[in-house]
Amino acid sequence: MNILILGSGGRESAFAWKIAQSPECQQLFIAPGNAGTGKYGKNVNIKVTDFEGIGQFVLANSVNLLLVGPEEPLVKGIHDYFLADERLKKIPVIGPQREGAQLEGSKDFSKQFMVRNHIPAAASKTFTKDTLQEGCEYLATIGLPIVLKADGLAAGKGVLICSSVEEARQELNEMLIEAKFGDASSSVVIEQFLSGIELSVFVMSDGAHYKILPEAKDYKRIGEGDTGLNTGGMGSVSPVPFADAAFMKKVEDRIIIPTVEGLKKEGIPYKGFIFIGLMNCNGEPWVIEYNCRMGDPETESVMPRIASDFVELLLGVAEGNLDEKELIISDKTAATVMMVAGGYPGEYLKHKTITGIENVRDSQVFHAGTYLDNEEIKTSGGRVLAVTSLQDDMFHALQQATADASRIYFDGMYFRKDIGFDLL
Ligand code: AMP
Ligand code: GLY
């Protein structure tokens, strides 16, 4: 079969690497892809939100399955677009329709969904500019620190953690009245702070059945020791030692089953990934957020641990028989170190030549923000390369990924050398 992956990051590189290994996959296309995805399939120069262009390409190239990497096309309704077209509706899309994608596209929707389905989450209320006064009063009642979340998609920047009521009041005002995050902050969720250690849990669902993929831990801050500005993610590790069988049983019983059942009960079709951002508070799991896609850089640590055929699992999602498919997970540990451009997550350097990838010894290099300039690989994004090593134990995976990242060079490059060492 022919498969098209939408996206251009490290996540899509890891998908492409895994899918290209499947005997089920004949032709693989990645739109738009990057300098690395061209090794696994054919890059196609179409934007992920150009639904018309994607639809035409799918028909012209007999694509049999569309795997959507990022959230934006899902929240904008690419799956609905396919279902509404006579010629496209038989081609399965992996990723929910617009309504299900609201789990990520609207924090208010996802909080209400959790309340309706008794899923453990921080207490919260949602306010708009018409209820600003009530919002300010609520701020004083929930304890410090206070979490403010722009309701809509804000490119990962829409969550603020405020250490005083005064600061929160000011930020709330900026979000609601001054449109700090544009339309995304026309509604704001005010939420209690959860204190604990975070992890990412991934579920594949065909709308009726589910499979739990390997969990992972993501390192979001730019600096070592988890300091400095938030980023898209500087590295990841899978498995997560504290997510033992007892903890994961709580996650499944209290969160995963009520989520899948809740979607079913509420008549929300859902074929795709559910990414649950969790806080482990003294051994109890609480939901921080849902995403309607896989995580990045978590996917770069999750894919290498899936020992079975990933295309078979995608077909299970498409055909509604995921329960009949086999998911084999490797006992090994995968560690991912993200190499980023100088200046990231602020204004960052671009068009720097990357050398030394051929010197990597025992890791996979998943490209993210890269492009080919004649024969040279150059940087284009803030997050440039994800270096993943799969080893028998966590120490060796971390050591190998870090050592292999050191073998690669581009001007201004930076990576954290402490990913995962807090878990050892
Ligand atoms: P989100 O965009 O919802 O993933 O939030 C970004 C980050 O903010 C999360 O990864 C957490 O580190 C933090 N965060 C969000 N909500 C809470 C909360 N209720 N308590 C503590 N930290 C939170
Ligand atoms: N690594 C977090 C995310 O993909 O949102």
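The values are calculated or read from the model by the stated rules, or taken from the named source; none is laboratory data. Quantities reported herein were computed from a predicted structural model and do not represent experimental measurements. Quick reminder, even Gly has a Cβ in these numbers, built from the backbone with ideal geometry, and neighbours come from all protein chains shown. When the accessible area is computed, the model is the full protein with side chains, heavy atoms only, and any ligands, DNA or RNA have been set aside. Shrake-Rupley method; radii C 1.70, N 1.55, O 1.52, S 1.80 Å.
Distant-in-sequence amide contacts of I94, defined by a placed amide H-H separation under 5 Å and a gap of 5 or more residues or a different chain, comprise L66, L67, V68.
Taking a ≥ b ≥ c as the square roots of the eigenvalues of the Cα gyration tensor of segment 290-424, is the shape rounded (a/c under 1.5), prolate (a/b larger than b/c) or oblate? Numbers along the way, then the final one.
Working: a/c = 2.07, a/b = 1.53, b/c = 1.35.
The shape class here is prolate.
3J(HN,Hα) along segment 342-348, derived from phi through the Karplus expression 6.51 cos²θ - 1.76 cosθ + 1.60 where θ = phi - 60°, amounts to x, x, 4, x, x, 4, 10 Hz, with x in place of Gly and Pro.
Net charge near L176, counting Lys/Arg +1 and Asp/Glu -1 over other residues with Cβ under 10 Å of its Cβ? Display every interim value, and only then the final one.
Working: positive: K129, K180; negative: D130, E171, E174, E178.
Its environment carries a net charge of -2.
Think of a 1.4 Å ball rolled over the protein heavy atoms: segment 24-73 then has 43 Å² of accessible area per residue. In the chain, taking the dipole from charged Cβ atoms about the Cα centre, the farthest positive-side position among N43, A122, P285 is held by N43. Just the protein heavy atoms count here, and of the accessible area of segment 57-198 at 1.4 Å, carbon and sulfur take up 50 percent.
With the Cα gyration tensor of the chain giving a ≥ b ≥ c as the square roots of its eigenvalues, does the rule (a/c under 1.5 for rounded; else a/b larger than b/c for prolate; else oblate) give rounded, prolate or oblate? Rounded.
Where a ≥ b ≥ c are the square roots of the eigenvalues of the C-alpha gyration tensor, would you call segment 233-302 rounded, which needs a/c under 1.5, or, failing that, prolate if a/b is larger than b/c, or oblate? Here segment 233-302 falls in the oblate category. 3J(HN,Hα) couplings calculated from phi for segment 40-49 with the Karplus curve 6.51 cos²θ - 1.76 cosθ + 1.60 (θ = phi - 60°) are, in sequence order, 9, x, 10, 6, 10, 7, 10, 6, 5, 9 Hz; Gly and Pro show x. A cut-off under 14 angstrom between Cβ atoms defines the neighbours of Q102, and their net charge, with Lys, Arg +1 and Asp, Glu -1, is -3. Separation of segment 308-357 from segment 118-163 is 32 Å, based on Cα centroids.
Across segment 250-260, computed HN-Hα scalar couplings (Karplus, 6.51 cos²θ - 1.76 cosθ + 1.60, θ = phi - 60°) run 5, 4, 5, 5, 8, 10, 5, 4, x, 5, 5 Hz from first to last residue, x flagging Gly and Pro.
Summary value for segment 302-375: 23 percent relative contact order, contacts being C-alpha pairs under 8 angstrom separated by 6+ residues.
Roughly how many Å² is the accessible area per residue of segment 141-213, as a whole number, for a 1.4 Å probe?
Details: 3120 Å² over 73 residues.
That works out to 43 Å² for each residue.
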